[in-house]
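Below is one structure; the comments refer to it alone.
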Amino acid sequence: MTNPTTSRLGVAPTVSASGKRPGTRDPPALTASVRDAVEAVDPDLPLFEIADLHDAIYADKRVLDAFGTLFLLFGVGALFLTMVVCTASSRLP
């Protein structure tokens, strides 16, 4: 029987108190060393928008969340207008 705190591979996941895995570093702190390594391979290759994987994935999500909020507000407004029109039309003679 497996321990519920271990993964399928039998290895317990390690997470620090800050919620990050031990050994992970802050991407801006690694920018200079990554730039130096890339420049050693190809000096003409530019680096821009350096971010960790989580930030790179969820950068587009912020735009989708904004559109979702906007559509939600339009939907609530349309529902309100529908209720007003239906209430007003039921009171007509």
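The values are calculated or read from the model by the stated rules, or taken from the named source; none is laboratory data. What you see is a predicted model, and the numbers here were worked out from it, not measured in a lab. Cβ sites come from the backbone with ideal geometry, for glycine too, and all protein chains shown count toward neighbours.
Would you call LEU70 surrounded by 10 or more Cβ atoms within 10 Å (Cβ to Cβ) and at pLDDT 90 or above?
yes
Taking the stated definitions as given, is THR14 loosely packed, with under 10 Cβ neighbours inside 10 Å and modelled with pLDDT under 80? Here the answer is yes, as THR14 does meet what is asked. Only residues that are part of a helix (DSSP H, G or I) and surrounded by fewer than 11 Cβ atoms within 10 Å (Cβ to Cβ) were counted in segment 44-58, giving 3.
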